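Below you'll find the structure, written out as C-alpha cells, and then a few comments.
Please treat every number below as a calculation from the coordinates, not as lab data. Computed from a prediction, not measured in an experiment: that's the story for all the values here. Heads up, the Cβs are rebuilt from the backbone with ideal geometry, glycines too, and the neighbour counts pull from every protein chain shown.
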Amino acid sequence: MKRSPIGWILLASIITITCPLKAQQKEAQKKQFLNQLIQRMTLEEKIGQLNLLTSDMDVTGPFMKPGYKKDIEAGLCGSIFNAYTPQYTRQLQEMAMKTRLKIPLLFGYDVIHGHKTIFPIPLGEACTWDMALLEKSARIAAQEASADGLHWTYSPMVDIARDPRWGRVAEGVGEDTWYGVQVAKAKVKGYQGTDLSAKDAVLACVKHFALYGAIEAGRDYNTVDMSRRRMFQDYLPPYKAAIDAGVATVMTSFNEIDGIPATGNKWLLTDLLRKQWGFKGFVVTDYTSITEMINHGVVKDEHDAGALALNAGVDMDMQAGIYASQLKTLVQEKKVTVQQINDAVYHVLAAKYDLGLFKDPYRNCDTALARQVIMSPAHLQAAREIAQRSIVLLKNEAQLLPLKKQGTIALIGPLANSQRDMIGNWSAAGDGSKAVSLLQGIKNKAGNNVRVLYAQGAHYTSDTGLLKKALQKARLDAQDTANSAQLLAEAVTLAQQADVVVMALGESQGMTGEAASRSNISIPENQQQLLKAIRATGKPVVLVLSNGRPLTLEWEDANVPAILETWFLGTEAGNAIADVLFGDYNPSGKITMTFPRNTGQIPIYYAHRTTGRPLNPDNKYTSKYLDVSNEPLYPFGYGLSYTTFSYGAVQLSKQQISAAAPLQVSVAVSNTGNYDGEEVVQLYIRDKVGSVTRPVKELKGFKKIMLKKGENTTVTFTITVDDLKFYDKDMNWKYEPGDFTVFVGPNSRDAKGTDFTLN
Ligand code: BGC
C-alpha cells in the first residue's frame, strides 16, 4: 500500500502517542502488581526482601553468615550474592518458590571485568579510549553472567581516583571526571542493554557511592574529607552519569562524607540521589557497611545503625543482617515507619519485576545456553582485541620493538609464566588455568625461527610481611621465598644466551585490588635487583609490566630501552602481549592515570588547580619540591606507538564563541612513521579566569583515528558552551564569559593550545 505524506504523519503521531501510553500502562500494571503483593506481605517477609546474604560458594568479604539457606526457605532472605551456575541458582530458586508468596530470589555477583571470559582490569581497559569496546566487554560479561544464573553485577565502579597507593584504582578508570562520565554511560548500557527483561541483561550497580576513591593516604577503607565544590565538580559526575543512563542499582561506599558514613547519609542517599537526581532503583550497602557505622562512631549499636541506614535511604542490607535483626523492633519503637519499609521493598521488588523474574524465576537457569555462551570463540576473540588495545607503550628507544620473529628470546620474570596473575584481581568466576600466560603467548606466536628460553628469575617480592598480609585473603599466589640467589643466577646465565631479553615484572594480582594498598609503589625491590642484573649483561631488554596501578618507574625509564604497560589483561593476556611484542598489533593505548616519579608527589593529576605561586624554577618561593620535579613521569593521556604522529597547529573556525554559535576546532594529524597505527587525539580546555579557581586544563573530547603509514587527516571537534560550564562561586552549573585556551594533542602534557573568547 502506498501511503500519502499525510498518512505517514498520522501514522507517526499514532506511534508517538501510543508508545508512551503503552509504557504508562505497563508502569501502572507493575505498580498494581507490586502494591497488591506488598499488601499481602507480613512485616517479616518485607524485611526479608531487604536482606542480601552471601552464599558459601565464594566469599568476597570478611565473614560468612551460615544458615542462609534456612533464611531463604523461611522467606527471610530475598537476594543472594556469590552464587552462580544455572544448577546452583536453580537449586536456591526452588527453595524460594516453596515459600508462601513465591517471591523469586535475585542473584548478584562481582562481575567486574568479565564473568568467565576475563577482560583487562578496568584501569587497563580504560586505556583503549574506545567506548564501543568498553560497552562490548560489559555486554559480553552480561551475556555470560546471565547465562550462568546471575541477575545483577556489582559494576561499574566509577570512583575517581588520584592516589595510586590505593589498590582499588585497578577497578576504576582513573583520575579524570569527564572520561569517567563517558565510561559510566558505556558500561551501564553494556550491562543492562535496552530492556532488562531480555534474558541476557543484568542489573548494573554503580559504586561506591560516593567518593571512595578519595580516601586519605590511599589506605583502603580510610576516611574522606572534601569540599562540596570538589565533590560536585570532580567526583560526583560519573555516578550521576550512570543514574542518567538508567542504572538500576546503587551501592553505598565504606567511607564517610562530610562526617557521616555514606551508608547513613540522608543528604547523599535521599536528598541528592532520589530527590535531586531522580533515582528510581534500589540502594544496596557495601559489605557489612551498616554494622561498620558503629566503628565509625556515629551510632552505639546495631539497632541504631539499622535505623540510621533505613532513614538515610538504604533499601538493601548486604551481609550485615541488621535489617533482618533490627527493623521489626525499630517499627515497634516508631524509629522507622512501615511506609519506609514498604518503599524500600517496592524498590527491590520492582527490579525483580523488571527482570521478568515473577514471570519466570528460572529465566537464567538454562544449562545448554550456559555451555553455548560462556567463553565462546567470539568472546575470546573480543577479549584478545580489547587486551591488545589496552596495552600502553611507555618507551621504545631506537625502535627495539617490535621484535623480529627470529633469533633467541629469553623471557624472564615472576610474571612470565603465570596464568592466574593474567586475569587480575576481581576476576569473578574467571579461571586462571584457562588464561594464556605470556610464555604461552610468545610460544604460540613466535614460530620455528625463534628459540624461546624461560627463567623465573625472582619471586614476586622478598617482603615476607607484605606476603603474609596479602595471603591472609589468599589473593597473592603462594610462593617460596627461598633460593632467590639461585633464581637470579639462572636468569643471568639464560640472558647471556639470548639476542633480546623480555622481562615480565610487576605486581602479583594479589598486590592490587581491595585491601591491597601499598605505600611504596615501585616494582618490588628483589625484582628490581633482577632487572639490574640482567641489564648489566648488556643485552637489549624489553620490560613487560603487569600491575594494577601506576608504578614509580624512574630507574626503569632511565635505564631500560623499551617498556610495555600490560596491566592484567585477562584470559587472552599472553596472546595479546605477543601480538604487540611482534608487531602484529601496533599499540595504541594511552594511560588514564598519571604515573608519578615517586610516591612523595602523590596525589598527582593533570587537571590540578592553579596556585598563587606557580612553579618558577629560578625562584625558590614558588610551588615545588626541592628533590623532585613537579612533572609526573608519564602524564595522563600518554602512550606511544610503533609509528609516529605529527600534529599541525590548532585551527579555530573563529576566535569568538557564543551560546548560539559553537566553535569548530581542527588540527591536521599525520602518520610520519613506518607503520599503520591508531592515535587518540585529545582535546583539553582551560578557563583562564573564573569566579572560582579553575583547573590548568580539562579533557573535553577525544577522537581515536586510524592512519596508514604516510597518511594524514584533519580531526575536527565542536566546542559548545556546555563544554565550558562549571560550578561557579554560588555553586550554579554555568559558563562565564571570558578567555579560554583550547589544547589538542597526543596527551595532557604535549597538547598545543590556542585562545578563544566566550562573549
Ligand atoms: C566491595 C564491593 C563488592 C562487595 C561484594 C566489598 O568488599 O567493596 O566492591 O561489590 O564487597 O563482594
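Whats the longest run of the chain with zero GluC sites (Glu not before Pro) that are DSSP loop and have at most 16 other Cβ atoms within 10 Å?
On the way: sites that count: Glu333, Glu711.
The answer is 334-710.
What FRET efficiency, computed as 1/(1 + (r/R0)^6) with R0 = 41 Å and r the Cβ-Cβ distance, is obtained for Asp195 and Val628, rounded to the nearest 0.05? Let's see the in-between values first.
Numbers: r = 53 Å, r/R0 = 1.29.
It comes out at approximately 0.20.
List the trypsin sites (Lys or Arg not before Pro) within the stretch 671-724 that DSSP assigns to loop and that have no more than 16 neighbouring Cβ atoms inside 10 Å. Mind dumping the intermediate values first?
Numbers: sites: Arg686, Lys688, Lys697, Lys700, Lys703, Lys704, Lys708, Lys709; in loops: Lys688, Lys697, Lys708, Lys709.
Of the trypsin sites (Lys or Arg not before Pro), the ones in loops of the stretch 671-724 whose Cβ has at most 16 other Cβ atoms within 10 Å are Lys688, Lys708, Lys709.
Please sort by residue number the trypsin sites (Lys or Arg not before Pro) in the stretch 81-164 whose DSSP state is loop and whose Cβ has at most 12 other Cβ atoms within 10 Å.
Numbers: sites: Arg90, Lys98, Arg100, Lys102, Lys116, Lys136, Arg139, Arg162; in loops: Lys98, Arg100, Lys102, Lys116, Arg162.
Counting only loop positions with at most 12 other Cβ atoms within 10 Å, the trypsin sites (Lys or Arg not before Pro) in the stretch 81-164 are Lys98, Arg100, Lys102.
Hey, rough spin-label estimate for Thr464 and Glu333, points 7 angstrom out along Cα→Cβ, what's it come to in nanometres?
My value for the distance between the label points is 5.0 nm.
With respect to the cross-link table entries Lys70/Lys102; Lys189/Lys240; Lys443/Lys468; Lys102/Lys334; Lys70/Lys359; Lys136/Lys199, which display a Cα-Cα separation exceeding 26 Å? Could the numbers behind the result be given before it?
On the way: Lys70/Lys102 15 Å; Lys189/Lys240 14 Å; Lys443/Lys468 34 Å; Lys102/Lys334 29 Å; Lys70/Lys359 24 Å; Lys136/Lys199 17 Å.
Listed pairs above 26 Å: Lys443/Lys468; Lys102/Lys334.
May I ask you to work out the translational diffusion coefficient for the chain at 20 °C, viscosity 1.002 mPa s, via Stokes-Einstein with Rh from the Kirkwood sum over Cα pairs, reported in whole µm²/s? Intermediate results must be reported in sequence, preceding the final value.
Values: Rh = 27.5 Å.
Estimated via Stokes-Einstein, D reaches 78 µm²/s.
Around Leu203, what is the net charge, scoring Lys/Arg as +1 and Asp/Glu as -1 over all other residues with Cβ under 14 Å from its Cβ? Write out the running numbers ahead of the final one.
On the way: positive: Lys187, Lys189, Lys199, Lys207, Lys280, Lys352, Arg363; negative: Asp110, Asp195, Asp200, Asp315, Asp354.
Taking every Cβ under 14 Å from that of Leu203, the sum is +2.
As a test, work out the antiparallel percent of DSSP beta bridges whose residues both lie in the chain, rounded to the nearest 5. Before the final figure, lay out the partial values.
Numbers: 46 of 88 bridges.
Expressed as a percentage, antiparallel bridges in the chain total about 50.
Per the helix-only calculation at 222 nm, which mean residue ellipticity applies to the chain, given -39500 (n - 2.57) for every DSSP H run of n ≥ 4 and division by its residues, nearest 500 deg cm²/dmol? Let's see the in-between values first.
Working: 20 runs with 228 residues, N = 759.
My calculation for the chain gives -9000 deg cm²/dmol from helical runs alone.
Quick check for me: using +1 on Lys/Arg Cβ and -1 on Asp/Glu Cβ, what's the dipole size of the stretch 645-758 about its Cα centre, in debye to the nearest 20?
Values: 15 positive and 14 negative charges, 19 e Å.
Dipole about the Cα centre, nearest 20: 100 debye.
DSSP beta bridges in the stretch 377-590, what fraction antiparallel, as a percent rounded to 5? Don't jump to the answer; show the numbers that get you there.
Numbers: 4 of 25 bridges.
Just about 15 percent of them are antiparallel.
Identify all aspartates and glutamates with a Cα-Cα distance to Lys26 below 19 Å; exclude those on the same chain that are fewer than 8 residues away in sequence.
Filter leaves Asp195, Asp354, Asp360.
For Cys19 paired with Val696, estimate the spin-label separation in nm (one decimal), with each label point 7 Å from Cα along the Cα-to-Cβ line.
So the label points at Cys19 and Val696 sit 4.7 nm apart.
Using the Cα centre of the stretch 377-590 as the reference point, and only Cβ charges (+1 on K/R, -1 on D/E), how large is the resulting charge dipole? Debye, rounded to the nearest 20. Write down the numbers at each step before the final one.
Numbers: 20 positive and 19 negative charges, 39 e Å.
The dipole magnitude comes to about 180 debye.
If you place +1 on the Cβ of every Lys and Arg and -1 on the Cβ of every Asp and Glu, how big does the dipole about the Cα centre of the chain come out, in debye to the nearest 20? Could the numbers behind the result be given before it?
On the way: 83 positive and 77 negative charges, 305 e Å.
It comes to approximately 1460 debye.
Can you tell me the length gained on complete extension of the stretch Asp728 to Asp618, counting 0.36 nm per residue apart and subtracting the Cα distance? Mind dumping the intermediate values first?
Details: separation 110, 0.36 × 110 = 39.60 nm, distance 3.40 nm.
Using 0.36 nm per residue and subtracting the Cα-Cα distance, I get 36.2 nm.
Please list the helices of the chain that count as membrane-span-like by this rule: a mean Kyte-Doolittle hydropathy of at least -0.5 together with Cα atoms stretching 30 Å or more along the helix axis, each helix being a complete DSSP H run. Could the numbers behind the result be given before it?
Values: long enough: 5-40 (53 Å, 0.05).
Helix filter hits for the chain: 5-40.
Among the trypsin sites (Lys or Arg not before Pro) within the stretch 332-435, which fall in a DSSP loop and have no more than 16 other Cβ atoms within 10 Å of their own Cβ?
On the way: sites: Lys334, Lys335, Lys352, Lys359, Arg363, Arg371, Arg384, Arg389, Lys395, Lys404, Lys405, Arg420, Lys434; in loops: Lys334, Lys335, Lys359, Arg363, Lys404, Lys405, Arg420.
Hits after loop and neighbour filter: Lys334, Lys359, Lys404, Lys405.
Along the charge dipole of the chain, Cβ charges K/R +1 and D/E -1, which of Pro746, Gly424, Gln182 sits furthest on the positive end?
Ranked along the dipole, the leading option is Gln182.
Lys/Arg Cβ at +1, Asp/Glu Cβ at -1, dipole of the stretch 433-569 taken about the Cα centre: which of Ile563, Val544, Ala446 is farthest positive-ward?
Ala446
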